Amino acid sequence: MQLVEQLEEKVKQLVRRYRQLRHENAELQEKVFGLLKSLDQKQRHIAELEQRIQALQAAGTGSGEDDMDKKKLKKQLNGYIKELDKVIASLRKS
């Protein structure tokens, strides 16, 4: 009879562990979904910024203000690229 009780206890432990892992898995899936959504938004924003840069380059007026805008956009774009790299690294860890 003791063997049956030991088996029952082990089964209960396994069920508890299974539930715990399912819960943890669900949380991680939510986190990955959020990171993927964030990544998608940042990629869209980068595409928009790149279009703006191309439009400014096409205009090519060469005025000092345009140069400032280009530098600002380039700096902003580099910042977004760094954020994307962080999100990608985080996704790889998950």
M68 fails exactly one of the following numbered conditions: (1) modelled with pLDDT under 85; (2) in contact with a helix residue (DSSP H, G or I) (Cβ under 8 Å, 6 or more places away or on another chain). What is the number of that condition?
-> (2)
Return the pairs, sorted by first residue and then second, in which the second residue is among the β-branched types (V, I, T) and part of a helix (DSSP H, G or I), the first residue lies in segment 41-55 and is within 16 Å of I88 (Cα to Cα), the beta carbons are less than 8 Å apart, and the residues are 6+ apart or on different chains.
-> K42/V87; I46/I81
Only one of these is touching a residue at least 12 places away in the same chain (Cβ under 8 Å) and in a helix (DSSP H, G or I): L14, L36, L3. Name it.
-> L36
Kindly provide the set of residues from segment 1-49 that are under 32 Å from the mean Cα position of the chain (by Cα) and among the basic types (K, R), ordered by number.
-> R16, R17, R19, R22, K31, K37, K42, R44
Any idea which of S90, S63 is within 26 Å of the chain's Cα centre (by Cα), at pLDDT below 90 and among the polar types (S, T, N, Q)?
-> S90
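The values are calculated or read from the model by the stated rules, or taken from the named source; none is laboratory data. Computed from a prediction, not measured in an experiment: that's the story for all the values here. We place every Cβ from the backbone using ideal geometry, glycine too, and count neighbours over all the protein chains shown.
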